[in-house]
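Notes to accompany the following structure.
The values are calculated or read from the model by the stated rules, or taken from the named source; none is laboratory data. The shown structure was predicted, so the numbers you read here are calculated from the model rather than taken from an experiment. We place every Cβ from the backbone using ideal geometry, glycine too, and count neighbours over all the protein chains shown. Note: accessible area is taken over every heavy atom of the protein model, side chains too, but ligands, DNA and RNA are not part of it. Shrake-Rupley method; radii C 1.70, N 1.55, O 1.52, S 1.80 Å.
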Amino acid sequence: MAKIIVVTSGKGGVGKTTSSAAIGTGLALAGKKTVIVDFDIGLRNLDLIMGCERRVVYDFVNVINGEANLKQTLIKDKRVENLFILPASQTRDKDALTKEGVERVLNELSADFDFIICDSPAGIESGAMMALYFADEAVVVTNPEVSSVRDSDRILGMLSSKSRRAEQGLDGIKEHLLLTRYNPERVLKGEMLSVEDVKEILAIELVGVIPESQAVLNASNSGQPVILDEESDAGQAYLDTVKRLLGETVPFRFLTVERKGFIKRLFGG
Amino acid sequence: MSEHSLELKGSLFPLSVLHCSDLSISSLQSLLTAKLAQAPAFFYQAPIVINLQDNDSRPDFVALKQLFTELKLVLVGVTGANAEQKTAAQQAGLAVLQAGKASAAKATEPSAQTAPAAAVKPTQVVVQPQPMDSKIVEQNVRSGQQIYAKGADLIIKGAVGAGAEVIADGNIHIYGSLRGKAIAGASGDSSKRIYCYNMQAELVSIAGNYWLSHSLQGEFWGKPACIRWQGESLVISELV
Ligand SMILES: Nc1ncnc2c1ncn2[C@@H]1O[C@H](COP(=O)(O)OP(=O)(O)O)[C@@H](O)[C@H]1O
Ligand SMILES: [Mg+2]
């Protein structure tokens, strides 16, 4: 039985797809057989960030409609063992996903994988609801600004009322806060909320803080999940996050403004 | 006989007592409907006793029973009845209750034949309505969620997020931060209050009298506080 983790936020552009790709890859690196499912029907971003856009033949909607089976549709990552992608359709709209169809596909994946990562679309409409409905755990991606925190609060409400676990009266979805695009300098200037502010408002356990980083942009431009860039701050922060998801206790890094060393200052590093 | 025993013991129960000079069905129907609309949940299936002390008419108890049932009330009996009223009430299957000390002068014998088992030996009629229920929420109330405690107090263990709304006919207690809206005394009771551990509300209201966030952003902002209605305005005070 796989553990189903939804990566969600309410707000768009906060780093859900970046985080889905990084976390999914990180879990596979840790030896867990993992599939990342793109629920963002119509936009199809995940395959670009994973660098497998040219290998998409069939998609999630084809599988739901019985036009292809999972074996034909899943894309196996070429860099990391145990890692697969189930791409979204670019030509359909989000209503192509039905609850029964999604359930059937997730059940089938569940038999074969350790982790299913669901990359949610933005918003609180059917696509996002479908992505979170079957989840066991949720990674709530939040930027340190008021509107993103508000939308995350909204999504947390949905997780506790509109999910399968809520409807069936099971234990609630385990909620994790992932703060992304964190910029300690701007927090210091009072332009962004601090980790403590966001934790206080959302009142859920913090699983990771990913700094605002050029490495993320470089990674997505080259179709590499940033977690594979082990030298980078964002890559390391995602590695820490994955360890915490797997139950390890890891101290938080990249929370404070880095003092630039003499050499770096000299050469403007 | 086996060990299946039977016991009849006197007990005290809170009952609501209706005082009304005109017990004609049409008049009572409109008066009761208006009364119930103020707090529908509060009186839902409430046991009611009609006080006939200052009333010499001969009400149609069968029709009254029917009316109470339609209004989701339970008519259990009468009190302060004269001999004629007593007989009529008993024929309609109602208990004749002996009033408490307040009206001992006109009290009549309790009637064992027609009274429901629980009321075999009523020794006192308590005029107060039942204590208010409370609705307890164990988690945070998130943005976009709304919680209504109908006819009850509302107790929230967590926080009420910005864009969330908590409403109660009774008092509201919030043990976390209040960043959304809190509406107490929603059915019009201005004696109800709002308590919270950290006041950062978008709106607070008691019996329809409200304050928006900017009226709250003074000395109590971000602190434990209580909101109540006093005289003709809302008042905020510190929780100690
Ligand atoms: N930690 C980060 N530092 C810098 N840019 C980031 C970071 N995380 C995400 N981004 C950028 O933000 C944009 C939105 O990210 P994406 O993962 O597509 O968000 P979503 O899936 O929530 O819409 C992308 O351009 C991405 O490169
Ligand atoms: Mg996305």
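How large is the helix-only mean residue ellipticity at 222 nm for the protein assembly as shown, computed as the sum of -39500 (n - 2.57) over DSSP H runs with n ≥ 4, divided by its residue count, in deg cm²/dmol to the nearest 500? Intermediate results must be reported in sequence, preceding the final value.
Values: 17 runs with 144 residues, N = 509.
After summing the helix terms and dividing by residue count, I get -8000 deg cm²/dmol.
With a ≥ b ≥ c taken as the square roots of the eigenvalues of the C-alpha gyration tensor of the range B:133-238, please select rounded if a/c is under 1.5 and otherwise prolate if a/b is larger than b/c or oblate if it is not? Can you show the working numbers first?
On the way: a/c = 1.59, a/b = 1.07, b/c = 1.48.
Cα axes put the range B:133-238 in the oblate bin.
Give the cross-link partners of A:Lys99 among the aspartates and glutamates, using a straight C-alpha distance below 20 Å as the criterion and excluding same-chain residues fewer than 8 apart.
The qualifying aspartates and glutamates are A:Asp38, A:Asp40, A:Asp59, A:Glu67, A:Glu108, A:Asp119, A:Glu125, A:Asp136, A:Glu137, A:Glu167.
Over what distance in Å are the Cα centres of the range A:29-72 and the range A:156-204 separated?
One Cα centre to the other: 27 Å.
What per residue convex hull volume, in Å³, comes out for the range A:180-246 when only alpha-carbon positions are used?
Taking only Cα atoms, the range A:180-246 has a hull volume of 93 Å³ per residue.
Using r as the Cβ-Cβ distance of B:Ser213 and B:Lys35, and R0 as 41 Å, what FRET efficiency do you calculate, to the nearest 0.05? All intermediate terms of the calculation are to be shown ahead of the outcome.
On the way: r = 35 Å, r/R0 = 0.86.
The formula returns an efficiency of 0.70 here.
Simple spin-label model, 7 Å along Cα-to-Cβ: B:Ser5 to A:Glu167 in nm?
Result for the modelled spin labels: 5.2 nm.
Taking a threshold of 29 Å on the Cα-Cα distance, which of the pairs B:Lys135/B:Lys223; A:Lys11/B:Lys181; A:Lys199/B:Lys150; B:Lys35/B:Lys192; A:Lys243/B:Lys223 fall above it? Intermediate values should be presented prior to the final figure.
Values: B:Lys135/B:Lys223 24 Å; A:Lys11/B:Lys181 22 Å; A:Lys199/B:Lys150 32 Å; B:Lys35/B:Lys192 18 Å; A:Lys243/B:Lys223 37 Å.
In this structure, A:Lys199/B:Lys150; A:Lys243/B:Lys223 lie more than 29 Å apart at Cα.
Mind listing which GluC sites (Glu not before Pro) in the range A:200-264 are in a DSSP loop and have 16 or fewer other Cβ atoms within 10 Å?
A:Glu230, A:Glu231, A:Glu248, A:Glu258
For B:Ser134 and A:Ser222, what is the calculated FRET efficiency with R₀ set at 56 Å and r taken between the beta-carbons, to the nearest 0.05?
On the way: r = 58 Å, r/R0 = 1.04.
For R0 = 56 Å, the calculated efficiency reads 0.45.
In Å², and per residue, what accessible area does the range A:21-157 have when probed at 1.4 Å with the other protein chains present?
So the range A:21-157 comes to 38 Å² accessible per residue, rounded to a whole number.
Using only the Cα atoms of the protein assembly as shown, what do you get for the radius of gyration and for Dmax, in Å?
32.1, 107
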